[in-house]
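These notes concern the structure reproduced below.
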Amino acid sequence: MFDYETLKIIWWAFVGVLLIGFALMDGFDFGVGILLPFIGKTDVERRIMINTIGPTWEGNQTWFITAGGALFAAWPLAYAAAFSGFYVALMILLFSLFFRPVGFDYRSKIADTRWRSTWDWALFIGGFVPPLIFGVAFGNLLLGVPFHYDDTMRLEYVGGFLDLLTPFGLLSGVVSVAMLTMHGAAFLRTKTDGVLAQRAGRALIIAAVLMMLAFFAGGLWVVFGIDGFRILNMPDSNTAFMPVVKSVERVRGAWMDNYARWPLMWALPLAGFGGALLSILLTMRQRAVAAFLSSAVAVTAVILTAGASMFPFVMPSSLDPNSSLTAWDVVASHKSLGIMFWVVVIFLPLIITYTAWIYRVMRGKVDAAHIAANEHSAY
């Protein structure tokens, strides 16, 4: 069995894989929902868009559930801190997600323009709000979250929902929304033809440009505008210890420490820009599948950039830096991590294989003829 320190690093990677899987798989579902009221000009076009993701969106959303379960099992202190401090934001997230299953199932049940238009906007909310909240949350993690451990080792969060809506947090939300809108548009290009695919291509270009501009502005802000966190000393990382026994300083430019230590990390933000730019170029050359894969590279690289910049911090504390949660002190026991490691090693490849098979079965484009032939069974 691996030693405790190695398992801590492995579970940092596992949580990252699950978050990236969620962003890649459910991300284009969100993107399609965001674009639904804007590039679908007729009821048939909107039904085509919905049915591009209809057979698979529920399976994609299980990545979110799995990521939450892994967070609870592997990083219990982070789970407690996040679901306490971000409680209102997470409730808004969950209620926005409620619109998706109801909207998919009921939207086309009644042939009434107002009924369907209402559900179209509900699906837009279900696609727009989650990426916005996730982006704002990641932005606040980089800024630091106002919590601390008291004398009895109880975690206390000081702040409210509106405190999360900082300029940098909102900029991070723009990066997230634009990124997944780009990803959704790229997916639509692979599943549709004609004028709908053309509109999706234009939306991809706009979203990709906005993502790159916001990502660049956010990077400058991280380097020159906000304080990062740095561990000064802590117990042996191969042991179990409470977060407060380490010493952490908050200083400008600390989020760049890992780039100085491992210069190859600069490939991550460059891949974020490169994937988005390549997706634009491939869209212009009518290479839809390649553009979608490039979009996936951009999404992956942006998430990895944020995670790698923060490592080993999971949830820094702006109120008491020594209370910050890191990959070294936020984890479950050595035995728990070891058991769950084998669960992931066995079941994650099975899930990925099954998902790949589903997409192979559901491959092909959705068009007006498909909707007409499945008038009562299609979404």
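Highest GNM mean-square fluctuation among 363, 250, 199, for the chain modelled with Cα contacts below 10 Å: 363. Under a 5 Å amide H cut-off, with hydrogens placed 1.01 Å from N, residue 248 pairs with 232, 322 among residues at least 5 apart or on other chains.
If I compute solvent accessible area with a 1.4 Å probe over the protein chains, what percent of it on the chain is carbon and sulfur? Carbon with sulfur: 70 percent of the solvent-accessible area. Of all DSSP bridge pairs formed entirely within the chain, close to 90 percent run antiparallel.
Could you please put 246, 335, 365, 41 in sequence from largest to smallest accessible area, using a 1.4 Å probe? Walk me through the intermediate numbers first.
Values: 246 0, 335 155, 365 100, 41 130 Å².
These residues rank, largest area first, as 335, 41, 365, 246.
Listed by chain and number, the aspartates and glutamates whose alpha-carbon sits under 13 Å from that of residue 8, ignoring those within fewer than 8 places in the same chain, are 236, 329. Ignoring lysines fewer than eight residues from residue 109 along the same chain, the ones with Cα atoms less than 22 angstrom from its Cα are 41. Estimated from the Cβ-Cβ distance and a Förster radius of 22 angstrom, the FRET efficiency linking residue 198 and residue 365 is about 0.95. Ordered from largest to smallest accessible area (heavy atoms of protein chains, 1.4 Å probe), the residues 157, 149 come out as 157, 149.
Accessible-area rank, largest first, for 360, 189: 360, 189, with all protein chains present and a 1.4 angstrom probe. Working note: Karplus 6.51/-1.76/1.60 with θ = phi - 60° gives the range 183-197 the couplings 5, x, 5, 5, 5, 4, 4, 7, 10, 10, 10, x, 5, 5, 5 Hz, where Gly and Pro are set to x.
Excluding residue 60 itself, calculate the net charge of residues whose Cβ lies under 9 Å from the Cβ of residue 60, where each Lys or Arg counts +1 and each Asp or Glu counts -1. Provide the component values of the computation, followed by the final result.
On the way: positive: none; negative: 26, 29, 58.
Net of charged neighbours comes to -3.
Applying both filters, DSSP loop and at most 13 other Cβ atoms within 10 Å, to the trypsin sites (Lys or Arg not before Pro) of the range 78-139 gives 109. Within the set [x] 0.96; [y] 1.09; [z] 0.99, the number that Rg/Rh (Cα atoms, Kirkwood Rh) takes when calculated for this structure is listed as [z]. Taking every DSSP helix (H) stretch of at least 4 residues in the chain, weighting each as -39,500 (n - 2.57) and dividing the sum by the residue count yields a mean residue ellipticity at 222 nm of -23500 deg cm²/dmol.
Compute the distance from the alpha-carbon center of the range 306-345 to that of the range 2-32, in whole Å. One Cα centre to the other: 13 Å. Each residue was assigned an accessible area with a 1.4 Å probe, and for residue 209 the value is about 60 Å².
The spacing between the range 97-141 and the range 148-200, judged by their C-alpha centroids, is 14 Å.
The values are calculated or read from the model by the stated rules, or taken from the named source; none is laboratory data. Values in this document were obtained by computation on a predicted structure and should not be read as measured data. Positions of Cβ are generated from backbone atoms using ideal geometry, with glycine treated the same way; all protein chains shown enter the neighbour counts. The accessibility values were calculated without ligands, DNA or RNA, using every heavy atom of the protein model including side chains. Shrake-Rupley method; radii C 1.70, N 1.55, O 1.52, S 1.80 Å.
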